[in-house]
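*Asks:* Please read through the structure below; I'll follow up with questions.
The values are calculated or read from the model by the stated rules, or taken from the named source; none is laboratory data. Only a predicted model underlies this, so the values are computations on that prediction, with no experimental measurement involved. Here Cβ is always computed from backbone atoms with ideal geometry, including for glycine, and neighbour counts include all displayed protein chains. For the accessible areas, the whole protein counts, side chains as well, though only heavy atoms, and no ligand, DNA or RNA atoms are used. Shrake-Rupley method; radii C 1.70, N 1.55, O 1.52, S 1.80 Å.
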Amino acid sequence: MASLDRVKVLVLGDSGVGKSSLVHLLCQNQVLGNPSWTVGCSVDVRVHDYKEGTPEEKTYYIELWDVGGSVGSASSVKSTRAVFYNSVNGIILVHDLTNKKSSQNLYRWSLEALNKDSSPTGVIVSNGDYDREQFAENPVPLLLIGTKYDQIPENKRNEVLTRTAFLSEDFNAEEINLDCTNPRYLAAGSSNAVKLSRFFDKVIEKRYFTRDPSQMTGFTDRKRFNFKSLHYD
């Protein structure tokens, strides 16, 4: 295959939320039979057609970097993990829809990656107002993906989806909710597939077609991001 231009997308979230299963589904279009814990970082590649069906269509490689660990890791682990955050063009934030804590921790994951900060402390306060304007200015495209949709009890579904809508608003990102063991959630032409394609197009657009040089190599020279507080109950 001819050499293709590529972009780097981080896949972040707590251990056990299904990042490896998600990446396998995105890159291989298959269910991962026996997922295991990711140690360090695992990289897989998806082939994506930018602006598919238009005269500008072009094929790119999407490198998906599945970063292991947890936000509660020791500072030395976070410092080691920071090497994966260089020259990133996009971020997929993954949470388990049946685990509220994994959703809350996405704020810490995003802080760690966007600031390349080995120990972001003192920035999260419960039951307050979140300053979402900071992410309106964030040059790095974000996508929010909730996993284990099939495991949400029917009587809890509206509550969970309302919570994820707040998350999506906070991160200024589109949201996709799915079950990684069922490829139909990303079937061609589905709303989820359209959102995913739109996200990858945006990542490529920022990397290769922006006129702002500061946005062309990821977020190596970006402003510090800080969350004043969260609005979780």
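*Asks:* Considering only region 1-21, state which residues are open to solvent by less than 40 Å² (accessible area, probe 1.4 Å) and charged (D, E, K, R).
*Replies:* Once the filter is applied, which keeps residues that are open to solvent by less than 40 Å² (accessible area, probe 1.4 Å) and charged (D, E, K, R), region 1-21 yields LYS8, ASP14, LYS19.
*Asks:* Can you confirm whether region 1-18 contains a residue that is over 22 Å from ASP96 (Cβ atoms) and touching a helix residue (DSSP H, G or I) at 6+ places or on another chain (Cβ under 8 Å)?
*Replies:* yes
*Asks:* Six or more apart or on different chains, Cβ atoms under 8 Å: show the pairs whose first residue is in region 134-158 and farther than 19 Å from SER103 by Cβ and whose second is modelled with pLDDT of 95 or more and open to solvent by 70 Å² or more (accessible area, probe 1.4 Å).
*Replies:* PRO141/LYS202
*Asks:* Can I ask one more? Taking into account only those residues within region 181-233 that are of a type in the set (Phe, Trp, Tyr) and either surrounded by fewer than 16 Cβ atoms within 10 Å (Cβ to Cβ) or assigned to a loop (DSSP other than H, G, I, E, B) (or both), which is modelled with the highest pLDDT?
*Replies:* Checking each candidate, the answer is TYR208.
*Asks:* Pairs please, first residue from region 14-28 and free of Cβ contacts under 8 Å to residues at least 60 places away in the same chain, second anywhere and crowded, with 21+ Cβ neighbours inside 10 Å and acidic (Asp, Glu), Cβ atoms under 8 Å, 6+ apart in sequence or on different chains.
*Replies:* From residues that are free of Cβ contacts under 8 Å to residues at least 60 places away in the same chain, the pairs are SER20/ASP66; VAL23/ASP66.
*Asks:* Let me ask something else. Kindly establish whether HIS24 is more than 15 Å from the chain's Cα centre (by Cα) and buried (at least 21 other Cβ atoms within 10 Å of the Cβ).
*Replies:* no
*Asks:* Sticking with this structure for a sec: So, in region 79-111, exactly how many residues are in contact with a strand residue (DSSP E or B) (Cβ under 8 Å, 6 or more places away or on another chain), buried (at least 17 other Cβ atoms within 10 Å of the Cβ) and of a type outside the set (Lys, Arg)?
*Replies:* Matching residues across region 79-111 total 18.
*Asks:* Another question, if that's okay. Filter region 159-174 down to the residues that are touching a helix residue (DSSP H, G or I) at 6+ places or on another chain (Cβ under 7 Å) and free of Cβ contacts under 8 Å to residues at least 40 places away in the same chain and list them by number.
*Replies:* GLU174
*Asks:* Right, something else. So GLU175 clears everything in (1) outside any helix (DSSP H, G or I); (2) farther than 22 Å from LEU114 by Cβ; (3) of a type in the set (Asp, Glu) except one condition, right? Which one?
*Replies:* Of everything listed in (1) outside any helix (DSSP H, G or I); (2) farther than 22 Å from LEU114 by Cβ; (3) of a type in the set (Asp, Glu), GLU175 misses just condition (2).
*Asks:* Just need a number here: residues in region 134-172 that are of a type in the set (S, T, N, Q) and either outside any helix (DSSP H, G or I) or touching a strand residue (DSSP E or B) at 6+ places or on another chain (Cβ under 9 Å) (or both).
*Replies:* Residues that pass the stated criteria total 6.
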